[in-house]
Amino acid sequence: DVNPLVCHSPRVTVIGAGKVGSTLAQRIAEKNLADVVLLDVVQGMPQGLALDLLEAKGISLHDRRISGTTDYADTANSDVVVITAGIPRKPGMSRDDLMKTNAKIVVEAAKKAIAQSPQAILIVVTNPLDVMTYLAWQATDLPRDRIMGMAGVLDSARFQAFIAMELGVSVMDVQTMVLGSHGDLMVPVARYATVAGVPITELMDAQAIDRLVARTRNGGAEIVELMQTGSAYFAPAASTCLMVESILLNQSRLLPVAAYLQGEYGLEDIFIGVPCSLSCGGIGKVWELKLTDTELAALHTSAAAVRQNVNRAKEMLESN
Ligand code: TXD
């Protein structure tokens, strides 16, 4: 007789075995966090990637099971499901151009995955992020603590990297908090950015801060312009892995994630980036920070754009 508590390995399903999905699978396995199921629509591709990752196990020294599939039945009983399926941005494309194609993909993926793993915590990564997370929530009817979108961790990591480079300090001493939607209207809160506890407003002038804030807002596009054939995936996968880790290890890390709001920050019925603690139940708490009038107005402007796009996406889905 096996003890189910001892013998249960956590299981993470990653839907979409593309750049972000496959890099995420590698990180989760190599950090020994969970067994990973990679699912994609392209027959053979997730199986091939899983085999490739499996063949590296002896060198990267972990024992996690990694499998690839095109069949949702193989994802059953996952603890966490991450949706990265979709098409990424091409040069000149806005995140919203992706909306129609990705809306259909995400709704289908969310429904099929949660049907197999009704207890799972769902993390959406596909763009446009805040809109896709809302649609996935509607499609699954998950309680709000078990569904969220990844964007704020990535945007904060970018802001963190730019501050460290600007000041010539270790990135490990820099802490940042980027709120709002994942897009041009995101809200990097400079007041809450610190270097070893010192607010950056004490360490650089307003012009420099504005420049870094602008680069953070443009962070995704900067990489798309350079790469031409795809979008960023190392930092996005690392950011998603951090959320998965905080959940699976029950760490309660305070991270900005796209969460369903019910009145917090004066917003409701919307998914948008706010600070949350992530633990084994998903979102343990949505933290309501004190924002200045300007910061709150920026958050509301970004929420208004998300709301408009959610409505457009719903119309697109209803029209065919
Ligand atoms: O901060 C963030 N949230 C993001 C979001 C950061 C980086 C990337 N972001 C978005 O993630 C990006 O705009 C895309 O919408 C997704 C995935 O980006 P990635 O760079 O990984 O794209 P790829 O390499 O094209 O991979 C997408 C995979 C590909 O293998 C497809 O075959 C697969 O998705 N796909 C599907 N899988 C399962 N089911 C369906 N229906 C499906 N359709 C496509």
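The values are calculated or read from the model by the stated rules, or taken from the named source; none is laboratory data. All figures in this text were calculated on a predicted structure; none of them were measured in a lab. Reconstructed Cβ throughout: ideal geometry from the backbone, glycine too, with neighbour counts over all protein chains shown.
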For this session: Quick one: Pro10 ticks every box in (1) away from the ligand (no atom under 16 Å from the Cβ); (2) closer than 20 Å to Thr126 by Cα except a single one, so which number is it?
Result: (2)
Exercise. Has the stretch 196-207 got at least one residue that is among the hydroxyl-bearing types (Ser, Thr, Tyr), surrounded by fewer than 19 Cβ atoms within 10 Å (Cβ to Cβ), over 16 Å from the mean Cα position of the chain (by Cα) and over 19 Å from Glu295 (Cβ atoms)?
Worked result: no
For this session: Return yes when Asp97 is modelled with pLDDT under 95 and either among the β-branched types (Val, Ile, Thr) or within 19 Å of Arg307 (Cβ to Cβ) (or both) and no when it is not.
Result: yes
For this session: Being closer than 21 Å to Cys280 by Cβ and either touching a His at 6+ places or on another chain (Cβ under 7 Å) or in contact (Cβ under 8 Å) with a residue 60 or more places away in the chain (or both) is the filter here, so list the residues in the stretch 83-115 that pass it.
Result: Ile83, Ala113
Exercise. Can you tell me how many residues in the stretch 220-267 are farther than 17 Å from Gly180 by Cβ and within 16 Å of the ligand (Cβ to nearest atom)?
Worked result: 22
For this session: Please go through the stretch 269-298 and pick out each residue that is closer than 14 Å to Leu185 by Cα and touching a Ser or Thr at 6+ places or on another chain (Cβ under 9 Å).
Result: Ile272, Gly273
Exercise. Of the residues Lys104, Lys100, which single one is surrounded by fewer than 17 Cβ atoms within 10 Å (Cβ to Cβ) and within 10 Å of the ligand (Cβ to nearest atom)?
Worked result: Lys104
For this session: Among the residues of the stretch 136-156, count how many are surrounded by 18 or more Cβ atoms within 10 Å (Cβ to Cβ) and not in a helix (DSSP H, G or I).
Result: 6
Problem set entry | Residue in the stretch 71-82 that is farthest from Ile15 (Cα to Cα), counting only those that are touching a residue at least 40 places away in the same chain (Cβ under 8 Å) and not in a loop (DSSP other than H, G, I, E, B) | Ala73
Problem set entry | So Val82, is it within 11 Å of the ligand (Cβ to nearest atom) and surrounded by fewer than 20 Cβ atoms within 10 Å (Cβ to Cβ) | no
